[in-house]
1. Here is the link list: 50/87; 65/88; 42/87; 66/87; 42/66. Which ones come out longer than 23 Å on Cα distance?
2. Can you compute the radius of gyration and Dmax for region 29-117, using only the Cα atoms, both in Å?
3. Can you work out the FRET efficiency for the pair residue 39 and residue 81, with r the C-beta to C-beta distance and R0 = 25 Å, to the nearest 0.05?
4. Once you have the Cα-Cα distance between residue 65 and residue 96, take 0.36 nm times their residue separation minus that, and quote the gain in nm to one decimal.
Amino acid sequence: MKKIILSVVMAVAGLSGLIQTAQADEPEVRTATVTPCANATKDEIAAMVKRDFLQNRIPRWDTDKKVLGTSTPVAWVDAGSISGDNKKWDIPLKVRGDHADKTYDVTLNCQLGEITYSTPA
């Protein structure tokens, strides 16, 4: 009876390890839904991306927090560097942490209400 219980415990522990490994291999989701923004100006787009990153993305992205060295980075967007139109914007988001400065290429599809972040470069 003890051998059976020990076998079950070991099987559960092994399965748990496999699940944790599989979860660690899953990429972080880099696309999210946002409020449609068809009539927004470049300054409004810049503020929207910065706010979305700081409030909604960085709290969930453990890998990025480790790379940056903080869970409270400084983020900014130069509105003059935004390209595109009211349908689809390309926005370079610059982020400064304690360990590194990184840039995210952000695509904002205002028609679909969808924002996508690259991995930090």
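1. Numbers: 50/87 19 Å; 65/88 28 Å; 42/87 12 Å; 66/87 33 Å; 42/66 30 Å.
In this structure, 65/88; 66/87; 42/66 exceed 23 Å between Cα atoms.
2. Values for region 29-117 (Cα only, Rg and Dmax): 12.5, 37 Å.
3. Working: r = 21 Å, r/R0 = 0.83.
For R0 = 25 Å, the calculated efficiency reads 0.75.
4. Working: separation 31, 0.36 × 31 = 11.16 nm, distance 1.08 nm.
Full extension of this stretch gives 10.1 nm more.
Read-outs throughout are calculated quantities, based only on the coordinates presented, and are distinct from any laboratory measurement. Nothing here was measured: the structure is a model prediction, and the numbers come from that model. Here the Cβ is made from the backbone with ideal geometry for all residues, glycine too, and neighbour counts use every protein chain on show.
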